[in-house]
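Written below as structure tokens is the structure these notes are about.
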Amino acid sequence: MVKHMVAFKLKDPTRENIDIVKSLIMTMQDNIDVVRNMRVEEDFLRAPESFDLMLFAEFDNREDLMTYAMHPYHLEFVGAKCVPYVSAVHPFDYEV
């Protein structure tokens, strides 16, 4: 199994923007069939150096993660949907 985590720093972390980005992220689970599990958690400290959201996703293998990464729905999310809201992302992937 492959675990994929991504930290998101929002340009303007208002309640509305956090909810929008969380919803946008979660649409990938229903639109990309190689996603086995997905959730998004919110940082509660809200310190200036903190990231605002963390995506946790699971895939069966590395090939499925690559399929996800190159999937048109994911590319649209990365390219157009999150740009208005997100200032930085930090991914981390590992196998268990």
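Could you tell me the calculated FRET efficiency between Asn31 and Tyr94, based on Cβ-Cβ distance and R0 = 22 angstrom, to the nearest 0.05? Efficiency for this residue pair is about 0.35.
With Rh defined as the Kirkwood radius, the inverse of the mean 1/r over Cα pairs, the Rg/Rh of segment 1-91 is 0.96.
Entry note, the chain: the mean residue ellipticity at 222 nm calculated from DSSP H runs of n ≥ 4, each adding -39500 (n - 2.57), is -9500 deg cm²/dmol after division by the residues and rounding to the nearest 500. Placing +1 on each Lys and Arg Cβ and -1 on each Asp and Glu Cβ, with no other charges, gives the chain a dipole about its Cα centre of roughly 220 debye. Test of understanding: in a Gaussian network model of the chain with alpha carbons linked when under 10 Å, which of Thr27, Thr14, Thr67 would top the mean-square fluctuation ranking? With Cα springs under 10 Å in the chain, the top fluctuation among Thr27, Thr14, Thr67 is at Thr14. Only lysines eight or more places from Lys11 in sequence, or on another chain, were considered; those with a Cα closer than 18 Å are Lys22, Lys81.
Computed from the coordinates by the stated procedures, all read-outs in this text should not be read as laboratory data. Computed from a prediction, not measured in an experiment: that's the story for all the values here. Every residue, glycine among them, receives a Cβ derived from its backbone with ideal geometry; neighbour counts consider all protein chains shown.
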